[in-house]
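*Asks:* A single structure is presented below for examination.
Just so it is clear, none of the values below were taken in a lab; they were calculated from the coordinates. It should be emphasised that the depicted structure is a prediction, and the values quoted were computed from it without experimental measurement. Ideal geometry is used to build each Cβ from the backbone, glycine not excepted, and the neighbour counts take in all protein chains shown.
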Amino acid sequence: MENKFCNIPDCNDQDFSLRLYNGVQFCTAHYNEKFIAELMSHLEAWDGTIEPPDRLKYLIGRYYGENEIALIGQPSLTKDIVHRRAYNWLKTKDGIVFTTVRYPVDKKKGYPFCVEVHQTWLFNIRTLTYTFLSEGKK
Ligand SMILES: [Zn+2]
């Protein structure tokens, strides 16, 4: 019979929306705890002078993708854009700054414009929010 409970001993959570973290089943609270702990350990280990390890970029993208983060009045973002297309990674006192590349679609014609839009974002490590900082075209 399938185990319907969180894998943390003594967890009394009756959450049936269990989630897998590295192949192990957890309640939402313990899932988030594991996820944030790994994210923070990669952040601490990264010295900020070279490109971050793929796992850190993946986690920053995955956090965005898994949480319904309000980006009211800001451009859209996806986990794959953060993980695979972001560059210029920089560690600051507030968190991590990165730049994404997007190819906007012409709404009338239905295909991408021949311009690249470079958008710079801050991932705030205290509030776990994403803030759009600036945009430039190439
Ligand atoms: Zn639990």
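*Asks:* Are any residues in segment 7-25 within 20 Å of Ile60 (Cα to Cα) and crowded, with 17+ Cβ neighbours inside 10 Å, and if so, which ones?
*Replies:* Scanning segment 7-25 gives a single hit, Arg19.
*Asks:* What are the residues in segment 40-61 that are outside any helix (DSSP H, G or I), surrounded by 14 or more Cβ atoms within 10 Å (Cβ to Cβ) and hydrophobic (A, V, I, L, M, F, W, C), if any?
*Replies:* Scanning segment 40-61 gives a single hit, Trp46.
*Asks:* Answer yes or no as to whether Tyr64 is away from the ligand (no atom under 16 Å from the Cβ), surrounded by 12 or more Cβ atoms within 10 Å (Cβ to Cβ) and touching a residue at least 60 places away in the same chain (Cβ under 8 Å). Break it down stepwise before answering.
*Replies:* Values: away from the ligand (no atom under 16 Å from the Cβ): yes; surrounded by 12 or more Cβ atoms within 10 Å (Cβ to Cβ): yes; touching a residue at least 60 places away in the same chain (Cβ under 8 Å): yes.
Answer is yes for this residue.
*Asks:* Condition test on Ala37, is it free of Cβ contacts under 8 Å to residues at least 12 places away in the same chain and not in a loop (DSSP other than H, G, I, E, B)? Spell out the reasoning first.
*Replies:* Details: free of Cβ contacts under 8 Å to residues at least 12 places away in the same chain: yes; not in a loop (DSSP other than H, G, I, E, B): yes.
For Ala37, the condition - free of Cβ contacts under 8 Å to residues at least 12 places away in the same chain and not in a loop (DSSP other than H, G, I, E, B) - is met.
*Asks:* Something else: If we scan segment 67-81, do we find a residue that is in contact with an Asp or Glu (Cβ under 9 Å, 6 or more places away or on another chain), loosely packed, with under 11 Cβ neighbours inside 10 Å and not hydrophobic (A, V, I, L, M, F, W, C)?
*Replies:* From segment 67-81, those in contact with an Asp or Glu (Cβ under 9 Å, 6 or more places away or on another chain) are 75, 79; that's our starting set.
Then keep just the ones that are loosely packed, with under 11 Cβ neighbours inside 10 Å; that gives none.
No: zero hits.
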